[in-house]
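For reference, the structure is listed below as structure tokens.
What follows is calculated from the coordinates using simple rules that are stated; it is not laboratory data. None of the values given here were measured: they were computed from a predicted structure. Every residue, glycine as well, gets a Cβ built from its backbone with ideal geometry; the counts of neighbours run over all protein chains shown.
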Amino acid sequence: MNFMDFALILAAAPGALDDSTVHALSRALQVAGIVADAPAWLAPGESCEFPVTQERGVEATVRAALGARPIDVAVLARADRRKRILVADMDSTIVRGESLDELAAHAGVKDRVAALTARAMNAEVPYGDSLRQRVALLAGLSATAIGTVRDGLELMPGAKALVATMRADGAHAVLVTSGFAEFSSAVRARAGFDADVSNTLEIADGKLTGRVREPILDRDGKTAAMRAAAAGLGLSAADVLAVGDGANDLGMILGAGLGVAFHAKPAVAARARVRVEHADLTALLYFQGYRKSEFRTN
């Protein structure tokens, strides 16, 4: 038999993956002439993987067989699957929603800021220009609003398990966000990251000035931060698992050893090789071959 150099991984919300679906996929692979070993459950009802001899044609075959079932699919090399660095975006990735949009709500301009955010995240406008425009709309807002928004930030399902499990296995975790240090420092502590890299709001006399401290951490800056995190540990981008949802994350996603678009904007999902559209962040652990019994939360 050929060597099973690749893994086909399925991940879904709990209970969305059953034996009948897995058996149907086994048949579909066989009909397509793709050699696969018996599937192994990583989490019953949630994730399983098939060792396969090839990468070519596997994902297309599986997606065709799944149809509209809400199950995420990845086909990855089995060698070096467990990455040694996690680099994650913050807003709409590690936390729900966009912290800047929530801050804008306190200034009464949430709709205007959210519209600009959506365009920037889908690569319709340059990120730096968009961020300056959005922050300018907050000029004069009391800095006390920052604490209110920070306290209301909610971690994305699976965030703590993703970070804690990888760190328990020896990985280094860095939050790299084009959002702001006023939020990222709290999210870093709450989710268990080792470090955070971010932008900074300018504040004077207890109020936002409407400016961001330059230089702005944009797509290129986030990619550079990812590479610097790896180099600082004597590693390379091939050792990184990067995850994000917006256009400013594409450099990280495309440049990492394993880059994942998480519930991403269309322009991002279209270019990412690996996508999570249905499961939570624990899908990134399943993609690396972790079983649910190995998960940690602290």
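Below is a table of values for the structure above.
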quantity: Per-selection Kirkwood Rh - the chain (Cα, Å, 1 d.p.); calculated: 19.9 Å
quantity: Among Thr223, Thr282, Thr148: highest mean-square fluctuation, GNM of the chain, C-alpha pairs under 10 Å; calculated: Thr148
quantity: Assigned charges on the beta-carbon of Lys, Arg, Asp, Glu; segment 12-86 dipole about Cα centre (debye); calculated: 280 debye
quantity: Rounded if a/c under 1.5, otherwise prolate or oblate - segment 152-298, Cα gyration tensor axes; calculated: prolate
quantity: Charge dipole of segment 85-294 about the Cα centre (unit charges at C-beta), most positive-ward option of Gly206, Tyr290, Val125; calculated: Tyr290
quantity: Volume per residue that the Cα convex hull of segment 37-157 spans, once the total is divided by residue count, Å³; calculated: 186 Å³
quantity: Check: segment 85-294 dipole with +1 on Lys, Arg Cβ and -1 on Asp, Glu Cβ, in debye; calculated: 180 debye
quantity: Cα centroid of segment 164-195 to Cα centroid of segment 252-288, whole Å; calculated: 18 Å
quantity: Footprinting exposure proxy for Ile216, Ile71 (fewest neighbouring C-beta atoms within 10 Å first); calculated: Ile216, Ile71
quantity: Residue order, fewest to most beta carbons within 10 Å, for Lys265, Lys222, Lys292; calculated: Lys292, Lys265, Lys222
quantity: Residue-wise HN-Hα coupling along segment 41-56, computed from phi with Karplus coefficients 6.51, -1.76, 1.60 (Hz; x: Gly, Pro); calculated: 6, 8, 7, x, x, 10, 7, 8, 9, 10, x, 10, 8, 8, 9, 4
quantity: Per-peptide average of other Cβ atoms within 10 Å, ordering 28-38, 132-142 highest first; calculated: 132-142, 28-38
quantity: Net lengthening on full extension, His23/Ser142 (0.36 nm per residue, minus Cα-Cα); calculated: 37.0 nm
quantity: Fully extended contour minus Cα-Cα distance, from Asp169 to Arg56, at 0.36 nm per residue; calculated: 37.6 nm
quantity: Estimated dipole of segment 219-295 in Debye, rounded to 20 [Cβ of Lys and Arg +1, of Asp and Glu -1, Cα centre]; calculated: 140 debye
quantity: Taking Leu42, Leu233 and counting other C-beta atoms within 10 Å, the order from fewest to most; calculated: Leu233, Leu42
quantity: Close Lys-Lys pairs in the chain, where close means Cα under 29 Å and separation is 8 or more or interchain; calculated: 14
quantity: Range of Cα positions in segment 6-77 per principal axis (Å), largest first; calculated: 29, 22, 17
